[in-house]
1. Could you pull out the chymotrypsin sites (Phe, Trp or Tyr not before Pro) across the stretch 29-121 that fall in loop regions by DSSP (anything but H, G, I, E, B) with no more than 12 other Cβ atoms inside 10 Å?
2. Go through Pro167, Ala234, Ile266 and say which Cα lies farthest out towards the positive end of the charge dipole of the stretch 3-278; charges sit on Cβ, +1 for Lys and Arg, -1 for Asp and Glu.
3. Report, in order of residue number, the helices in the chain meeting two criteria: a C-alpha extent of 24 Å or more along the helix axis, and a mean Kyte-Doolittle hydropathy of at least -1.0; treat each whole DSSP H run as one helix.
4. Show that you can apply the helix-only estimate: for the chain, add -39,500 (n - 2.57) for every DSSP H stretch of four or more residues, divide by all residues, and state [θ] at 222 nm to the nearest 500.
5. Multiplying the sequence separation of Ala285 and Arg222 by 0.36 nm and subtracting their Cα-Cα distance, what value in nm do you get?
6. Considering the values [x] 32, 20, 19; [y] 36, 21, 16; [z] 29, 22, 19, which represents semi-axes √(5λ) of the Cα gyration tensor in Å as calculated for the structure under consideration?
7. Normalising by the residue count of the stretch 6-110, find the relative contact order in percent from Cα pairs under 8 Å and 6+ residues apart.
Amino acid sequence: MTLQAIIGLLMQGSLMLIVVAIGLQSQWSDVLTAVRRPKLFLRGFIAVNVIVPLTATILCLFMPIALLTKAAIILMGVSPFAPFAPGKMLKAGADTAFVNGLFVSLTLAAVIIVPVTVELLDLFVHRSLDVPVADLAMLVATSILAPLAVGLTIAHFWPGFAGRAAPIVQLISFAIILPIVVLLIAKSFPALIALLGDGTALTICLIVAAGIAGGHLLGGERPEHRAAMAQAAATRHPGIAVLIARRNFDEPQVIMAILLFLLLSIIVCGIYARAQGKAQARALAQAG
């Protein structure tokens, strides 16, 4: 087995552990929240699957960046929110029912939505793209639904153990993935720097900002729900983007642009979360 294959397996395992940790903190009834609250699903759908892809498409039509970079940006724009997004949403103060209801419903919808919206790429690459629907469904099932089910089952039968295990599982997952991310950044640093001067970074930041703004406005009346929806809209799934990219593009520039999108979204979302936390703290202080 090659080093690249080992790194891929470690990253996949780490993301699965993150989802298991979310399940350990939740209940089975949480995943049905979007079914019981269709307006929540609709707001989430608009924030995640309309605002971000539409913004990405419009910006890529006008920004003077390379066609392959535009393809990567659109791929990230049409991907659903990432497995580590629920952790951000919970940290923002949202309840598990709100988080898991959106997470499961929008992830399942992605199997249908992503192949449809990826047709937007035809505007830029001028060729028919192969969207591996079976592989996409398998990725969703193995990396999201199955780990979530494992965590939920443990939490149902052994709630005490689940409560103690959740932070440990989360710590292990980040201990695995963070060194890998640092290694990838160090290895790809020159290629990433090359993408910064042509408008790519600005385009990505504007897309992420649009996701944050749309999610915040559509999150509902509670500030923690607005913050959580903003994180959901702005945090895209790189695994799905890479899956489609590898099926259609041989050029490393596409993968580099996806990695840059991931890094910049983490930074912009972090700035938003910090500002939102300060605003909530001020509101609590004034209320007290």
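Coordinate-derived values only; no laboratory data. No experiment lies behind these values; they were computed from the predicted model shown. Using ideal geometry, Cβ is built from the backbone for each residue, glycine included, and neighbour counts are taken over all protein chains shown.
1. Working: sites: Phe41, Phe45, Phe62, Phe81, Phe84, Phe98, Phe103; in loops: Phe84.
Within the stretch 29-121, no chymotrypsin sites (Phe, Trp or Tyr not before Pro) qualify (loop, at most 12 other Cβ atoms within 10 Å).
2. Sorting the options by dipole projection puts first Pro167.
3. Answer set is 3-24, 96-117, 159-194, 200-218, 252-287.
4. Numbers: 15 runs with 225 residues, N = 288.
Computed mean residue ellipticity for the chain: -25500 deg cm²/dmol.
5. Working: separation 63, 0.36 × 63 = 22.68 nm, distance 1.69 nm.
Value of the extension gain: 21.0 nm.
6. [z]
7. Result for the stretch 6-110 is 46 percent.
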